[in-house]
1. Listed residues GLU77, GLU103; which is acidic (Asp, Glu), in contact with a Pro (Cβ under 9 Å, 6 or more places away or on another chain) and either surrounded by fewer than 14 Cβ atoms within 10 Å (Cβ to Cβ) or at pLDDT 95 or above (or both)?
2. Against the definition (without any contact (Cβ under 8 Å) to a residue 24 or more places away in the chain and either at positive phi or touching a helix residue (DSSP H, G or I) at 6+ places or on another chain (Cβ under 8 Å) (or both)), how does THR61 come out, yes or no?
3. If you take the residues of region 159-189 that are in contact (Cβ under 8 Å) with a residue 60 or more places away in the chain and in contact with a strand residue (DSSP E or B) (Cβ under 6 Å, 6 or more places away or on another chain), which of them is farthest from GLY209 (Cα to Cα)?
4. Return yes or no: is ALA123 in contact (Cβ under 8 Å) with a residue 12 or more places away in the chain, farther than 15 Å from ALA93 by Cα and either of a type in the set (Ser, Thr, Tyr) or not in a strand (DSSP E or B) (or both)?
5. Mind listing whichever residues of region 168-199 are in contact with a helix residue (DSSP H, G or I) (Cβ under 9 Å, 6 or more places away or on another chain) and assigned to a loop (DSSP other than H, G, I, E, B)?
6. HIS141 - would you say it is more than 28 Å from VAL89 (Cα to Cα), open to solvent by less than 20 Å² (accessible area, probe 1.4 Å) and assigned to a strand (DSSP E or B)?
7. May I ask you to verify whether ALA135 is free of Cβ contacts under 8 Å to residues at least 60 places away in the same chain, open to solvent by 40 Å² or more (accessible area, probe 1.4 Å), outside any loop (DSSP other than H, G, I, E, B) and among the aliphatic types (A, V, I, L, M)?
Amino acid sequence: MACRMTTRRRTAILISGRGSNMAALLDAAANPAYPAEIALVLSNRADAAGLARAASAGIPTAVVESRPFGRDRAAFEAAMEQVLAAHGVELIALAGFMRVLTEGFTTRWEGRMLNIHPSLLPAFPGLDTHARALAAGVRLHGCTVHLVTPGVDEGPILAQAAVPVLPGDDEASLAARVLEQEHRLYPAALAWVAAGQARLVEGRVRLSGTPAPSAPALRNPG
């Protein structure tokens, strides 16, 4: 009997630090049935701790230092594009990549670049999300995976997971609870995109087929 061959989408993970969500994606992609293959981990910092974690898993790594480019973001991104092309990258997953990308770069990767943000967008875009959630007195907090657009944390939402804000929570305890959900949510959302189950319709994400069974209960209801 002939075996049915499937093609895994070659994916780059972009990091700037320890790569906690990167590790969750690597673990998911270690399963040959997962529809994304991690072809590269790229960092804009040579001292990013996640590079060692990726190398130990046998994943190719690369560094394109952002500092030498100063304010010339386009030149920095052009250098990254060369590395991505050399590794045949089809999808990008941002995992703690602390650079704001230009409109040109995000447009070229439209629908093929994901990010995870530690809040229930559109609430609390940007930094210090856990402190801001506590200060606002919200009862629910969480994380969002979205497609990347030129606006920071404004792209179409792929999936969300929520956690309760408990009495006595501080930033650390709330962040830890959210991070646990990030590690479940991101691999599921990347799988939807890699498998062609997520598509853009009039600026919103539509899901088709059967979502990944590991997906949390809350996802984009579209």
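The values are calculated or read from the model by the stated rules, or taken from the named source; none is laboratory data. Bear in mind the structure is a predicted one, so any value in this text is a computation, not a measurement. Note that each Cβ is placed from the backbone with ideal geometry, even for glycine, and that neighbours are counted across all protein chains shown. Surface accessibility is based on the protein's heavy atoms, side chains included, excluding ligands, DNA and RNA. Shrake-Rupley method; radii C 1.70, N 1.55, O 1.52, S 1.80 Å.
1. It is GLU103.
2. Values: without any contact (Cβ under 8 Å) to a residue 24 or more places away in the chain: yes; either at positive phi or touching a helix residue (DSSP H, G or I) at 6+ places or on another chain (Cβ under 8 Å) (or both): yes.
Considered against the rule, which asks whether it is without any contact (Cβ under 8 Å) to a residue 24 or more places away in the chain and either at positive phi or touching a helix residue (DSSP H, G or I) at 6+ places or on another chain (Cβ under 8 Å) (or both), THR61 comes out as yes.
3. VAL178
4. yes
5. If the condition is that a residue be in contact with a helix residue (DSSP H, G or I) (Cβ under 9 Å, 6 or more places away or on another chain) and assigned to a loop (DSSP other than H, G, I, E, B), then ASP169, ASP170, GLN197 are the ones that fit.
6. yes
7. On the way: free of Cβ contacts under 8 Å to residues at least 60 places away in the same chain: yes; open to solvent by 40 Å² or more (accessible area, probe 1.4 Å): yes; outside any loop (DSSP other than H, G, I, E, B): yes; among the aliphatic types (A, V, I, L, M): yes.
Yes: the conditions hold for ALA135.
Results for (1) open to solvent by 60 Å² or more (accessible area, probe 1.4 Å); (2) polar (S, T, N, Q); (3) over 15 Å from LEU25 (Cα atoms); (4) at pLDDT below 95, shown as yes or no for each residue.
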{"site": "PRO60", "(1), (2), (3), (4)": "no, no, no, no"}
{"site": "GLU65", "(1), (2), (3), (4)": "yes, no, yes, no"}
{"site": "GLY70", "(1), (2), (3), (4)": "no, no, yes, yes"}
{"site": "GLN82", "(1), (2), (3), (4)": "yes, yes, yes, no"}
